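Okay, so here's the structure we're looking at.
The values are calculated or read from the model by the stated rules, or taken from the named source; none is laboratory data. Here the structure is a predicted model, which means the values were calculated and not measured. Cβ atoms come from the backbone with ideal geometry, glycine included; neighbour counts cover every protein chain shown.
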Amino acid sequence: MNIVIAGKSHIQYAKQISELIASSAQVRGTGIARRTPEYIVSKIENKNAVIALDGDVFAGFCYIEVWGHSKYVAHSGLIVAPEYRGKGLAKAIKTKIFEYSREKYPDAKVFGITTGLPVMKINYELGYKPVTFSELTDDPDFWKGCQTCKNYDVLTRTDHKMCLCTGMLYDPQADAEEKTYDNAVMSRLNKIKQSLFLNKKKA
């Protein structure tokens, strides 16, 4: 299996990807659906997508959306072909596009909304935290993308404050602060251990 940043040679899969996203959303009964082949092509041409191929056979896909003048990044359209599901490919694709997003947009907060427990689990393992919708981008164009979801009326009735989806966010600044704190705590614990060891040795 080869998971790579999608390029022009992968445009040939755009229609297949579009149809698979739509059919999968229909089966689930939730989620954002109907991304046109043209929209998929635009993501590929802008190098904002990841594709998984088994030789020349399409296996999976996910793309990046940028909001709020690059302050926020979202991963959308995560899809795995039926014959490749249940093999950990979704997690591999999600990990690849997460790492790629961090390289391309290092200061951006990475967020997503989903009803899928497997996706929530993957996000959590990557460092996302559950958040309220108010902590996500307020870019109206993002929320317009929810219009094709069957639950859009729930979102509009609550003034975009909640829906059946769960909002999840990865904040690079908060992550860096947490790591700094963890390192300081570990350093302090090591010094205490060394002090206890030396005192015991002297005794």
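Would you mind telling me which numbered condition in (1) within 15 Å of the chain's Cα centre (by Cα); (2) outside any strand (DSSP E or B); (3) surrounded by fewer than 22 Cβ atoms within 10 Å (Cβ to Cβ) LYS94 fails? Of (1) within 15 Å of the chain's Cα centre (by Cα); (2) outside any strand (DSSP E or B); (3) surrounded by fewer than 22 Cβ atoms within 10 Å (Cβ to Cβ), only one is false for LYS94: (3).
Just one of ALA22, ALA90 is of a type in the set (A, V, I, L, M, F, W, C), at negative phi and modelled with pLDDT under 90; which is it? Of the residues listed, the single one that is of a type in the set (A, V, I, L, M, F, W, C), at negative phi and modelled with pLDDT under 90 is ALA22.
When TYR152, TYR170, TYR181 are checked against the criterion of being out of contact with any Pro (no Cβ under 7 Å at 6 or more places or on another chain), farther than 16 Å from THR115 by Cα, aromatic (Phe, Trp, Tyr) and modelled with pLDDT of 65 or more, TYR170 stands alone in meeting it.
Apart from one condition, ILE97 fits all of (1) under 21 Å from ALA174 (Cβ atoms); (2) without any contact (Cβ under 8 Å) to a residue 40 or more places away in the chain; (3) touching a His at 6+ places or on another chain (Cβ under 6 Å); the exception is (2). Taking (1) on the phi < 0 side of the Ramachandran plot; (2) touching a strand residue (DSSP E or B) at 6+ places or on another chain (Cβ under 9 Å) in turn, VAL57 satisfies each apart from (2). What do you reckon, is GLU38 out of contact with any Pro (no Cβ under 8 Å at 6 or more places or on another chain), closer than 23 Å to LEU136 by Cβ, surrounded by fewer than 18 Cβ atoms within 10 Å (Cβ to Cβ) and among the acidic types (Asp, Glu)? No, not satisfied. Scanning the stretch 122-155 for residues that are in a loop (DSSP other than H, G, I, E, B) and of a type outside the set (Ser, Thr, Tyr) turns up GLY127, LEU136, ASP138, ASP139, CYS149, LYS150, ASN151. Within the stretch 97-121, if we keep just the residues that are of a type in the set (Asp, Glu) and either part of a helix (DSSP H, G or I) or modelled with pLDDT of 95 or more (or both), the residue that is surrounded by the fewest Cβ atoms within 10 Å (Cβ to Cβ) turns out to be GLU103.
Check VAL80 against each of (1) surrounded by 21 or more Cβ atoms within 10 Å (Cβ to Cβ); (2) closer than 25 Å to LEU155 by Cβ; (3) free of Cβ contacts under 8 Å to residues at least 60 places away in the same chain; (4) of a type in the set (A, V, I, L, M) and name the one condition it does not meet. Unmet condition: (2). Figure legend. Inter-residue proximity from the stretch 122-135: first residues surrounded by 15 or more Cβ atoms within 10 Å (Cβ to Cβ), second residues of a type in the set (Ser, Thr, Tyr) and in a helix (DSSP H, G or I), beta-carbon distance below 7 Å, spacing 6+ or different chains. Indicated pairs: LEU126/THR95. Here ARG35 clears all of (1) of a type in the set (Lys, Arg); (2) more than 15 Å from the chain's Cα centre (by Cα); (3) modelled with pLDDT of 95 or more except the condition numbered (3). As a summary of the residue check, GLN147 satisfies the conditions (1) in contact with a helix residue (DSSP H, G or I) (Cβ under 7 Å, 6 or more places away or on another chain); (2) over 13 Å from VAL66 (Cβ atoms) except for the one numbered (1).
The residues of the stretch 54-87 that are among the aliphatic types (A, V, I, L, M), out of contact with any Cys (no Cβ under 9 Å at 6 or more places or on another chain) and within 13 Å of SER24 (Cα to Cα), listed by number, are VAL80, ALA81. When we screen GLY86, GLY60 for residues that are among the small types (Gly, Ala, Ser), part of a loop (DSSP other than H, G, I, E, B) and either free of Cβ contacts under 8 Å to residues at least 40 places away in the same chain or surrounded by 22 or more Cβ atoms within 10 Å (Cβ to Cβ) (or both), the only hit is GLY86.
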